[in-house]
Amino acid sequence: MTGHGVIVAALMMLTAPSLASAQGYPTVFDFGTPATPQDIAAVAIAVGIDGKGLPPGRGDYAAGAKIYAAACSACHGADLRGVARLPDMPSGPALRLIGGRGTLGTKNPVMTVESYWPYATTLFDYVRRAMPFNAPGSLTPDEVYAVTAYILGEAQIVDKATVLDAQTLPRVQMPNRDGFVPDPRPELFK
């Protein structure tokens, strides 16, 4: 850009707000309200791999089976292996939750919670935020712990008598816990 072009661009930037105002367009949009600390706390619900951020509550396989049947099986199937041909969303194998152990190094890996995910806390965090599909974030902490216990029980990762809570969930050893290579790059956004 030439010196003349820079001057023209600068003048346009300076006159644009007054031109917008002169044409009846607002120069400031006053949408919404500032977020309160309570608003932020309601959505700042991240759970670390070490369990930091897990809420109080508890759940077991039996309670999880009932919640899963009512809130999850329409997409993930009664057998946790996905429902085929769902309209306007991934379906079938993409929704599979269990199976696939030992397949990640093969030509046809089956990536599921059981075979791929390295931490059980990630399962809890994902279910809590994004499930069920038609009402994400609607499950209580007790319900999320219970659904997590059910999925992990069906995958034979935990005993079906296990009660999951903020203390027991981080101790669950997922089959692929050591299947990832740590990223040595520094964390820039802490």
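Name the residues of the range 106-121 whose amide N is less than 18 Å from a point 7 angstrom out from the Cα of Asp178 along the C-beta direction? Residues 115-120 qualify, since their backbone N sits under 18 Å from the label point. For the chain, the longest principal axis of the Cα atoms and the long axis of helix 61-71 meet at an angle of about 50 degrees. A straight Cα-to-Cα reach below 19 Å connects Lys66 with the aspartates and glutamates Asp79, Asp142, Glu143, Glu154, Asp159, Asp165, residues fewer than 8 places away in its own chain not being considered.
Please give the length that would be gained between Asp88 and His4 if that part of the chain were fully extended, namely 0.36 nm times their separation in residues minus their C-alpha to C-alpha distance (nm, one decimal). Don't jump to the answer; show the numbers that get you there.
Numbers: separation 84, 0.36 × 84 = 30.24 nm, distance 5.22 nm.
Residue separation times 0.36 nm, minus the Cα-Cα distance, leaves 25.0 nm.
Restricting the calculation to Cα atoms, every distinct pair contributes to the Kirkwood radius of the range 116-190, found to be 13.6 Å.
Compactness of the chain is given as radius of gyration and Dmax, 24.0, 76 Å, from Cα positions.
Taking Cα atoms only, the orientation of helix 3-22 departs from the longest principal axis of the chain by about 80 degrees.
For the range 131-148, backbone phi angles converted through the Karplus equation (6.51, -1.76, 1.60; θ = phi - 60°) give residue-by-residue couplings of 10, x, 3, 7, 7, x, x, 8, 7, 6, x, 4, 5, 5, 4, 5, 4, 4 Hz, Gly and Pro being listed as x.
With a sphere of radius 12 Å drawn around the Cβ of Lys160, what net charge do the other residues whose Cβ falls strictly inside it have (Lys, Arg +1; Asp, Glu -1)? Summing Lys/Arg as +1 and Asp/Glu as -1 gives -3. Using the charge dipole of the chain (Lys, Arg: +1 at Cβ; Asp, Glu: -1 at Cβ; taken about the Cα centre), state which of Gly32, Phe180, Ala42 has its Cα farthest towards the positive end. The one lying farthest along the dipole's positive direction is Phe180. Of the solvent-accessible surface of the chain, computed with a 1.4 Å probe over protein heavy atoms with every protein chain present, carbon and sulfur atoms account for 61 percent.
State to the nearest 20 debye the size of the charge dipole of the chain about its Cα centre, where the only charges are +1 on K and R beta carbons and -1 on D and E beta carbons.
Roughly 400 debye, rounded to the nearest 20.
Counting only residues at least eight positions apart within a chain, or on another chain, the aspartates and glutamates with an alpha carbon under 12 Å from that of Lys160 are Asp60.
Shape analysis of the range 43-94 places it in the oblate category; the axes a ≥ b ≥ c from the Cα gyration tensor give an a/c of at least 1.5, with a/b not above b/c.
Using just the helices of the chain, give the 222 nm mean residue ellipticity in deg cm²/dmol: DSSP H runs with n ≥ 4 each add -39,500 (n - 2.57), and the total is spread over all residues, rounded to 500.
Calculated mean residue ellipticity at 222 nm is -10500 deg cm²/dmol.
Restricting the range 80-169 to chymotrypsin sites (Phe, Trp or Tyr not before Pro) that sit in a DSSP loop and have at most 15 other Cβ atoms within 10 Å of their own Cβ leaves Phe133.
The C-alpha atoms of the chain define a longest principal axis, and helix 120-130 lies at about 50 degrees to it.
The values are calculated or read from the model by the stated rules, or taken from the named source; none is laboratory data. This structure is a prediction, so every number in the text was calculated from the model and none was measured. Here Cβ is always computed from backbone atoms with ideal geometry, including for glycine, and neighbour counts include all displayed protein chains. All accessible areas refer to the heavy atoms of the entire protein, side chains included, with ligands and DNA or RNA removed. Shrake-Rupley method; radii C 1.70, N 1.55, O 1.52, S 1.80 Å.
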